[in-house]
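Novice: To start, I am sharing the structure in question, which I have written as structure tokens.
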Amino acid sequence: MFIKLEGGAVYDPVHGINGEHRDIYISNGKITRKPSSQIRIDKTYDMKGKIIMAGAIDIHTHIGGGKVNIARMMLPEDHQNDLVRKSGVIRSGCGHAAPSTMVTGYRYAEMGYTACFEPAMLPANARQAHMEMADIPIVDKGAYALAGNDDFFLRMLSAKRDQAAITDYIGWIMNASQALAIKVVNPGGINAFKYNQRRMDLDETNIKYNVTPRSILKTLARAVRELGVPHPLHVHGCNLGVPGNMQTTLDTIKAVEGMPLHLTHIQFHSYGNEGPRKFSSGAARIAEAVNANPNISIDVGQVMFGQTVTASGDTMLQYAGHWHAHPKKWVVMDIECDAGCGVVPFNYKDKSFVNALQWAIGLELFLLINDPWRIFLTTDHPNGAPFTTYPHLIRLLMDRTFRNEMLSTINKQAAAASTLGSIQREYSIYEIAIMTRAAPARSLGLKNRGHLGAGAVADITVYDDMKNKEHMFAKPAYVFKDGELVAKNGKIVKVTRGGTHVLRPEYDKTMERFLKNYFENYHSVRMDNFRISDDEITELGKGNIIVQPCQ
């Protein structure tokens, strides 16, 4: 079937197209060049007054795995207030802060997103995470495997095994768990928590293995680079949420000595300790460091006001924050002795000094970091807010008048402590297209996504050109996934199955004999059963495996 999108304003940063009126052609699920006059166009869509972009990509969103299911179970009252009824097209579901799998896919697609990536997949729990993500309809998925707190890695590092051996182990982890990238959470800190350490800065030593977060970060960053993984090491750093952690973040940037690094939910790592409350914004200094270091990319983890649930592998910090749970219930647990899990419901309040300043710090970071190719739009769903708040966040970035109106309603002391009101910058539509499409695709190595060039997968979102950007981005006029119309005017019209993106770097397979012995002695499953096969992910027609190339 040949489809023509006629006369829309196209925003395609990969090809430098900034609002030019062009026709887009789709054939067999791909974007193609203008056909010859002999080829019949089966369907034409009038795009006058509309804006055309590639489908949006969420680089960091917690959508599958053990902690997500715990978050769902902990908030029945949240689900009760947000039910989705079955129709002729969609199935029923529920959930606001932690939606069910079906609702996750529907709501992403309704907003124009066609791919989203789980950033914290524990390899020991990867089978369940992949099966859960495969149940999410329409959108493409993928996951980053957790490393840096697992016993085998820490044993290798403590024993001063050579870099090549550790790199081979990380390559094995990626292949066995069907991962797209590597993530580290509180390097060594999750493990240290089990030995009663309650804090771990960049150069503090893990009491069990006598290694530091700095050594963990440098070793993993080298492994990711040597394996040719397109996405840099995805780092949830030390001291998340701790006043004064800005300095730890600055030290982390220096620690990798120019190697590529992605700092995730950096808003939670950008705090000073100035002022009478010993809590202040470090956004300006963090932005200055990111601007000066082209090897660094970040996503923000923007806080938005309202009820949500925080779910993280960082048991050290989740335990420290459980006193603030709302409602008053929480879970902190070990997972297979290789990582942890902390789930704490939370309600961000605009009249709270700390919450209001967190909101302002995230926006300061968005507006002070110059290069939209190295900053990605996230709320660390659901930790800062549900992903359904993205349209509101985009309006805050694009409309300074609206942003200042919102600033005037928050805690007065927090507003006074922020520089947000003095920042003139407003994001353009072109910059939004970079930050939510082109840049995430480039960072993850998805060469045929995030743009509208010939040969790209026809993941396309079409918006009505509205002055109110929140309304515009909330309900696109059309959303195409793999060339099929899946949503119209913010409603699902067809349910399809997206694929699962994986990376399969080469590694020396002789290291498996050491691993096999380790599994026999310490793990609850055998090594061969640890590996996940393709058909476990795709069974029952749940999409396909998309193997991305290494660099």
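The values are calculated or read from the model by the stated rules, or taken from the named source; none is laboratory data. Fair warning: this is a prediction, and the values are worked out from it, not measured in the lab. Virtual Cβ from ideal backbone geometry, glycine too; neighbours counted across all protein chains shown. These area figures cover heavy atoms from the full protein model, side chains too; ligands, DNA and RNA do not enter into them. Shrake-Rupley method; radii C 1.70, N 1.55, O 1.52, S 1.80 Å.
Here's the yes/no breakdown for (1) part of a strand (DSSP E or B); (2) open to solvent by 10 Å² or more (accessible area, probe 1.4 Å); (3) without any contact (Cβ under 8 Å) to a residue 60 or more places away in the chain; (4) at negative phi:
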{"position": "Y11", "(1), (2), (3), (4)": "yes, yes, no, yes"}
{"position": "S37", "(1), (2), (3), (4)": "no, yes, yes, yes"}
{"position": "N69", "(1), (2), (3), (4)": "no, yes, no, yes"}
{"position": "M73", "(1), (2), (3), (4)": "no, yes, yes, yes"}
{"position": "E77", "(1), (2), (3), (4)": "no, yes, no, yes"}
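Novice: Residues T248, T219, T252: which one is at pLDDT 95 or above, more than 30 Å from H322 (Cα to Cα), open to solvent by less than 40 Å² (accessible area, probe 1.4 Å) and of a type in the set (S, T, Y)?
Specialist: When all the criteria are applied, what remains is T219.
Novice: Same structure, new question: When you check N347 against the structure, is it under 22 Å from the mean Cα position of the chain (by Cα) and either among the basic types (K, R) or under 20 Å from L368 (Cβ atoms) (or both), yes or no? Spell out how you get there, then give the answer.
Specialist: Working: under 22 Å from the mean Cα position of the chain (by Cα): yes; either among the basic types (K, R) or under 20 Å from L368 (Cβ atoms) (or both): no.
No.
Novice: Follow-up. Given the criteria of a type in the set (A, V, I, L, M, F, W, C) and open to solvent by 30 Å² or more (accessible area, probe 1.4 Å), does I17 qualify?
Specialist: Criteria not met by I17.
Novice: Sticking with this structure for a sec: If you take the residues in region 507-528 that are polar (S, T, N, Q) and assigned to a helix (DSSP H, G or I), which one is surrounded by the fewest Cβ atoms within 10 Å (Cβ to Cβ)?
Specialist: N521
Novice: On to the next question. Count, please, the residues in region 49-67 that happen to be open to solvent by 10 Å² or more (accessible area, probe 1.4 Å) and small (G, A, S).
Specialist: Selection size over region 49-67: 2.
Novice: Counting only residues that are acidic (D, E) and modelled with pLDDT under 90, which one in region 31-90 is farthest from Y108 (Cα to Cα)? Give the derivation first.
Specialist: Initial filter on region 31-90 (acidic (D, E)): 42, 46, 58, 77-78, 82.
From what is left, the residues that are modelled with pLDDT under 90 are 77-78, 82.
On the way: E77: 22, D78: 19, D82: 16 Å.
For region 31-90, the residue satisfying everything is E77.
Novice: Checking the condition of a type outside the set (S, T, Y), surrounded by 24 or more Cβ atoms within 10 Å (Cβ to Cβ) and touching a residue at least 12 places away in the same chain (Cβ under 8 Å), which residue from F117, F152 passes?
Specialist: From the options F117, F152, the qualifying one is F117.
Novice: Hey, another quick one. In this structure, does E536 turn out to be surrounded by fewer than 16 Cβ atoms within 10 Å (Cβ to Cβ) and under 24 Å from the mean Cα position of the chain (by Cα)?
Specialist: On the way: surrounded by fewer than 16 Cβ atoms within 10 Å (Cβ to Cβ): yes; under 24 Å from the mean Cα position of the chain (by Cα): yes.
So E536 passes the test.
Novice: Now a separate question. Sort out which residues of region 1-21 are modelled with pLDDT under 95 and either within 25 Å of the chain's Cα centre (by Cα) or under 15 Å from R33 (Cβ atoms) (or both), and write them in order of number.
Specialist: Of everything in region 1-21, just one residue is modelled with pLDDT under 95 and either within 25 Å of the chain's Cα centre (by Cα) or under 15 Å from R33 (Cβ atoms) (or both), namely F2.
Novice: Also, quick follow-up: How many residues, within region 91-115, are among the charged types (D, E, K, R) and at pLDDT 95 or above?
Specialist: Total meeting the criteria: 2.
Novice: I would also like to ask the following. For region 255-280, which residues satisfy the criterion of being β-branched (V, I, T) and either outside any loop (DSSP other than H, G, I, E, B) or modelled with pLDDT under 95 (or both)? Spell out the reasoning first.
Specialist: Step one: filter region 255-280 for residues β-branched (V, I, T), giving 256, 264, 266.
Answer for region 255-280, where residues must be β-branched (V, I, T) and either outside any loop (DSSP other than H, G, I, E, B) or modelled with pLDDT under 95 (or both): just I266.
Novice: Any idea how many residues of region 458-499 are in contact with a Gly (Cβ under 8 Å, 6 or more places away or on another chain), open to solvent by 10 Å² or more (accessible area, probe 1.4 Å) and in a strand (DSSP E or B)?
Specialist: 2
Novice: Between P187, P232, which is closer than 30 Å to R504 by Cβ, modelled with pLDDT of 95 or more and either among the acidic types (D, E) or open to solvent by 10 Å² or more (accessible area, probe 1.4 Å) (or both)?
Specialist: Answer to the selection: P232.
Novice: Of all residues in region 301-323, how many are assigned to a helix (DSSP H, G or I) and either among the hydroxyl-bearing types (S, T, Y) or farther than 28 Å from G148 by Cα (or both)? Show your work before the answer.
Specialist: Filtering region 301-323 down to residues assigned to a helix (DSSP H, G or I) leaves 315-323.
Filter again for either among the hydroxyl-bearing types (S, T, Y) or farther than 28 Å from G148 by Cα (or both), leaving 315, 319.
Total satisfying the criteria: 2.
Novice: Within region 329-379, take every residue that is of a type in the set (V, I, T), touching a residue at least 40 places away in the same chain (Cβ under 8 Å) and in a strand (DSSP E or B) and give me the one that is farthest from G189 (Cα to Cα).
Specialist: Looking at the filtered set, the residue picked out is I375.
Novice: In addition: If D46 satisfies all but one of (1) farther than 23 Å from F473 by Cβ; (2) loosely packed, with under 12 Cβ neighbours inside 10 Å, what's the number of the condition it fails?
Specialist: Against the list (1) farther than 23 Å from F473 by Cβ; (2) loosely packed, with under 12 Cβ neighbours inside 10 Å, D46 comes up short only on (1).
Novice: Next up: Mind listing just one residue for me: the one in region 521-544 that is among the aliphatic types (A, V, I, L, M) and over 24 Å from M511 (Cβ atoms) and, of those, modelled with the highest pLDDT?
Specialist: Filtering region 521-544 for residues that are among the aliphatic types (A, V, I, L, M) and over 24 Å from M511 (Cβ atoms), the one modelled with the highest pLDDT comes out as I537.
Rundown of residues vs (1) within 24 Å of I286 (Cβ to Cβ); (2) out of contact with any strand residue (DSSP E or B) (no Cβ under 7 Å at 6 or more places or on another chain); (3) not polar (S, T, N, Q), yes/no style:
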residue: G189; (1), (2), (3): yes, yes, yes
residue: A192; (1), (2), (3): no, yes, yes
residue: R198; (1), (2), (3): no, yes, yes
residue: N210; (1), (2), (3): no, yes, no
residue: R214; (1), (2), (3): yes, yes, yes
residue: A223; (1), (2), (3): no, yes, yes
residue: V235; (1), (2), (3): yes, no, yes
residue: N239; (1), (2), (3): yes, yes, no
residue: H262; (1), (2), (3): yes, no, yes
